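Notes to accompany the following structure.
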Ligand SMILES: [Zn+2]
Ligand SMILES: [Zn+2]
């Protein structure tokens, strides 16, 4: 379930964007909170047992992404999956399976995250670029597909 804090943060941001936090949208958010990675409209539709029609699910995902409550993840096979935006979900990375397309969230221990930070700064430096953030995606095969 979504925590009251998370729920009011989302409600507030949607209100600013003039978007209603309908019962259907609350169900979508709850399903994404329970998921361990980004989910597509089809996957969510299955997860919430068709409680929200697929057409309004697509629209809800797009509207909530526009309001910066959700972040889209563009998969290897042209499938767009959504997750809570980083300001809500926290900083993390993705493991992407090239076979089934599953995307899993992974949060690094702070020591590894710091090492990654240094590496990103070095990469940015070599391109005369000032890094303001990073997104790391590891591509490979999940346990089920390996
Ligand atoms: Zn897989
Ligand atoms: Zn994620």
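The values are calculated or read from the model by the stated rules, or taken from the named source; none is laboratory data. Not measured: the values here are computed from a predicted model. We place every Cβ from the backbone using ideal geometry, glycine too, and count neighbours over all the protein chains shown.
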| Of (1) within 16 Å of ligand 2 (Cβ to nearest atom); (2) on the phi < 0 side of the Ramachandran plot, residue 101 satisfies all except one. Which? | (2)
| said: Given the options 50, 12, name the one that is exposed (fewer than 13 other Cβ atoms within 10 Å of the Cβ), assigned by TED's automatic domain parsing to the domain that holds residue 84 and either in contact with a helix residue (DSSP H, G or I) (Cβ under 9 Å, 6 or more places away or on another chain) or in a helix (DSSP H, G or I) (or both). | reply: 12
| task | All but one of (1) within 16 Å of ligand 1 (Cβ to nearest atom); (2) under 19 Å from residue 27 (Cβ atoms); (3) modelled with pLDDT of 95 or more hold for residue 43, so report the exception by its number. | result | (3)
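Which one is nearest to the chain's Cα centre (by Cα) among residues in region 105-134 that are under 18 Å from residue 36 (Cβ atoms) and within 16 Å of ligand 2 (Cβ to nearest atom)?
105
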| note | Note on residue 84: of the conditions (1) at pLDDT 95 or above; (2) outside the structural domain of residue 27 (by TED's automatic domain parsing), unmet is (2)
| said: Please verify whether residue 132 is under 23 Å from residue 65 (Cβ atoms), outside the structural domain of residue 27 (by TED's automatic domain parsing) and away from ligand 1 (no atom under 16 Å from the Cβ), treating the condition exactly as stated. | reply: yes
| task | Could you please find all residues in region 46-87 being under 12 Å from residue 25 (Cα atoms) and free of Cβ contacts under 8 Å to residues at least 12 places away in the same chain? | result | 53, 59, 62
